Structures are given as structure tokens and as C-alpha cells.
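K.L.:
First the structure, which I've put down as C-alpha cells, then a few questions once you've had a look.
The values are calculated or read from the model by the stated rules, or taken from the named source; none is laboratory data. These figures come from a predicted structure and were not determined experimentally. We place every Cβ from the backbone using ideal geometry, glycine too, and count neighbours over all the protein chains shown.
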Amino acid sequence: MQTPSGRFSTAAREAGETSPPGVSRREGWFGVSLATLQAFCLAVVFQAQNMVWGGLILAGTLGLNLLGILAMTTMSARVRGVHPRGHRRALGRAGGWAVVVTAVGGWLWIAQGPHDSSAATTTAVAVVAYIPFLLAAARFVRAAS
């Protein structure tokens, strides 16, 4: 059996690779930055109830989060390249995990008002929530040619 060697066949074959040519390293770094910002903001949100100016800090953090998402996704879209196989599925799973962790943490540390959990504990949970996003973005950095 003869394999096709046309332009579209080559593109389809490369798209099936786990590390295809054309992956954007800058897009990966923007993803790493966004995951880091998300973890930081979630950690602050989890502790805002215990702070003296918690309401203002919470509002500022949510504003920073919104601006960060807008900036990182805009810059990422400008340098977007080929996505490795399974990237969309990895992002879906990472998003689901982050929502579950945020909902549980939100119930424990936001909805109940001031709490006794240490900042180290809530920060660790916030970091664990965004590790899958960080790993998906780091895959871009590593796979970039």
C-alpha cells in the first residue's frame, strides 16, 4: 500500500504526532503565566475573608484576574501555533479539575466567612487546582521547535 505524500497528507500526519512542528513556545509561556496568575488569585480569594480589608482585596484580586485573563489570552492568540494531539482534552480536564477544587474551596473558605485554615493550606490547594493547566502549557514550551 502506498502512502499519500501530498501537502494535506503531510499536515494530517504531523497533526497526529504528540509533538508536531509549529508549536509556539511563546504561547506555552503565556499559558504558564496565566496558570500562575490564576493560582495566585485563587489563593488570595480563599484568604480574603480573613483579611482586614478583605472585601477591597477581593475586588482588586478579581479585577486583576479578569485583566490577566484578557491580556494573556489576547497575547496568546497573536502567537498561536499548532496544538499537540490531545491538547483540547487536557485543557478540558484541567478546567474541570480547577472548577471542582474552586467549588470545594469556595464552600470551605469563602461561603462560610472567616475560617481557621492557614494561608499555607489554602495556597497549596489553589496551586493544586492549577497544576494541570501549568502542565498543559509547559508541554507547549517543551514541544516547541
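K.L.:
Go over the candidates Ala138, Ala98 one by one and state the one that is surrounded by 13 or more Cβ atoms within 10 Å (Cβ to Cβ), in contact with a helix residue (DSSP H, G or I) (Cβ under 8 Å, 6 or more places away or on another chain) and within 16 Å of Leu42 (Cβ to Cβ). It would help to see each step written out before you state the result.
P.N.:
On the way: Ala138 fails: within 16 Å of Leu42 (Cβ to Cβ).
None of the other options fit; the residue is Ala98.
K.L.:
Here's a check for you: in the stretch 48-70, which residue that is within 20 Å of the chain's Cα centre (by Cα) and of a type in the set (Val, Ile, Thr) is nearest to Ala119 (Cα to Cα)?
P.N.:
Thr61
K.L.:
Among Ser5, Ser9, which is the only one that is over 26 Å from Val99 (Cβ atoms) and either part of a helix (DSSP H, G or I) or at pLDDT 95 or above (or both)? Lay out the reasoning, then the answer.
P.N.:
Working: Ser5 fails: either part of a helix (DSSP H, G or I) or at pLDDT 95 or above (or both).
Exactly one residue qualifies, and that residue is Ser9.
K.L.:
Same structure, new question: Tell me, which residue of the stretch 66-88 that is hydroxyl-bearing (Ser, Thr, Tyr) and exposed (fewer than 14 other Cβ atoms within 10 Å of the Cβ) is nearest to Ala35 (Cα to Cα)? Show your work before the answer.
P.N.:
To start, the set of residues in the stretch 66-88 that are hydroxyl-bearing (Ser, Thr, Tyr) comprises 73-74, 76.
From what's left, exposed (fewer than 14 other Cβ atoms within 10 Å of the Cβ): 73-74.
On the way: Thr73: 11, Thr74: 15 Å.
Ranking the qualifying residues of the stretch 66-88, first place goes to Thr73.
K.L.:
Scan (1) more than 17 Å from Ala39 (Cβ to Cβ); (2) aliphatic (A, V, I, L, M); (3) in contact with a Cys (Cβ under 9 Å, 6 or more places away or on another chain) for the single condition Leu62 breaks and write down its number.
P.N.:
That leaves (1) as the condition not met.
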